[in-house]
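Data first, discussion second: the structure below is written as structure tokens.
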Amino acid sequence: MSDQRDPAPYDALLLLSFGGPEGPDDVVPFLENVTRGRGIPTERLKEVGQHYFLFGGVSPINDQNRALLDALRKDFAEHGLDLPVHWGNRNWAPYLTDTLREMVQGGHRRIAVLATSAYASYSGCRQYRENLADALATLEAEGLELPRVDKLRHYFNHPGFVRPMIEGVLESLADLPEELRAGTHLAFTTHSIPTSAADASGPVGGHGEGGAYVRQHLEVARLIAEAVGEQTGIEHPWQLVYQSRSGAPHIPWLEPDICDHLEALHGSGAPAVVMVPIGFVSDHMEVLYDLDTEATAKAAELGLPVRRSATVGADRRFAGAVRDLVLERAATERGLPAERCALGALGPSHDLCPVGCCPARAPKPAAAGADSPYA
């Protein structure tokens, strides 16, 4: 096998995701998993779960991960990459620990991990690494031989992640009435997080206002806006905005909220808006409810034409990007030079999260980083 198709030393890829309920009876237990340790009453979880109940108690994320699994397996087979792909979740079946156990029992010893979060932050990176450490600790207590797990780098600026979103914006603009297109604003959306978590995101040297979380999103927004402008000949106004806030009112979170932004745009005379969910890999609940339901209803109330562009999902270009990430990391682990694809000014992200990167409020062991107890 040529170096270009050689996944060694890896013998498997693990798709690591958030998980979601698959029926009404799953909603509260799923939310109990998500909020474990916070002491949130069941009645409050039922209120929070109304978003899921509106969709029959089913989160779309699991079906989207199944589609991505199929896309990855197809892409790997078409490109001669002999690497099995497994799937585990943080908060619902198939659970991460169960999947890792099955992988170990099946003989896997060196596992590359793709998290379905493209950006640096505690919840988008380190928490996944903490979950990996928890799972490894469980397997160790069971007496199983532990595998080495390596989390693949952040892929926010990989061409295979960015270019499908450019295409999605162009399609959304084309779907608007022609007389509105030239003045249409682009609202790039991502999950709001506490400002303290944003400020501490990424390596320690880059901590500060917004941290890596905001810088990376701004870079992706700029790349998309500039590419759209090059293809349409129109420089569309744009802004990074936030959605899906869930914290206590007294804690500062990143703003402005998408609905507040729509009101401001309407007040300034914007003719139309395309909402671009750059912070999400697929159309899961935050996209379906917070954008397609809540924000779209706000736009209708304002009389503001709005479209929502597509997330990357199981796009073949994204599957190709994952293949790139696996092969570049494999080559690096073998001590060979590797092409590291990245668009824009920030360049490719680090392979190994350094000490102090996206710290937790209460320190916990995290795998697949410089501070991992599982080297």
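The values are calculated or read from the model by the stated rules, or taken from the named source; none is laboratory data. Just so you know, these numbers come straight off a predicted model, no measurement behind them. Note that each Cβ is placed from the backbone with ideal geometry, even for glycine, and that neighbours are counted across all protein chains shown. Keep in mind that these areas ignore ligands, DNA and RNA; they rest on the heavy atoms of the full protein, side chains included. Shrake-Rupley method; radii C 1.70, N 1.55, O 1.52, S 1.80 Å.
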* For the range 1-22, how many residues meet the condition of being open to solvent by 10 Å² or more (accessible area, probe 1.4 Å) and either at positive phi or among the aliphatic types (A, V, I, L, M) (or both)? -> 2
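Determine which member of the set 355, 276 is crowded, with 17+ Cβ neighbours inside 10 Å, of a type outside the set (Ser, Thr, Tyr) and at pLDDT 95 or above. Walk me through it before giving the result.
Numbers: 355 fails: crowded, with 17+ Cβ neighbours inside 10 Å.
Of the residues listed, the single one that is crowded, with 17+ Cβ neighbours inside 10 Å, of a type outside the set (Ser, Thr, Tyr) and at pLDDT 95 or above is 276.
Name every residue in the range 319-372 that is polar (S, T, N, Q) and not in a helix (DSSP H, G or I), in order of residue number. It would help to see each step written out before you state the result.
Taking the range 319-372 as the starting set, the residues that turn out to be polar (S, T, N, Q) are 332, 349, 372.
If the condition is that a residue be polar (S, T, N, Q) and not in a helix (DSSP H, G or I), then 349, 372 are the ones that fit.
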* Any idea which of 163, 181, 129 is of a type in the set (Lys, Arg) and either at pLDDT below 95 or surrounded by 22 or more Cβ atoms within 10 Å (Cβ to Cβ) (or both)? -> 129
* Asked: Within the range 303-337, how many residues are more than 30 Å from residue 293 (Cβ to Cβ) and surrounded by fewer than 17 Cβ atoms within 10 Å (Cβ to Cβ)?
  -> 5
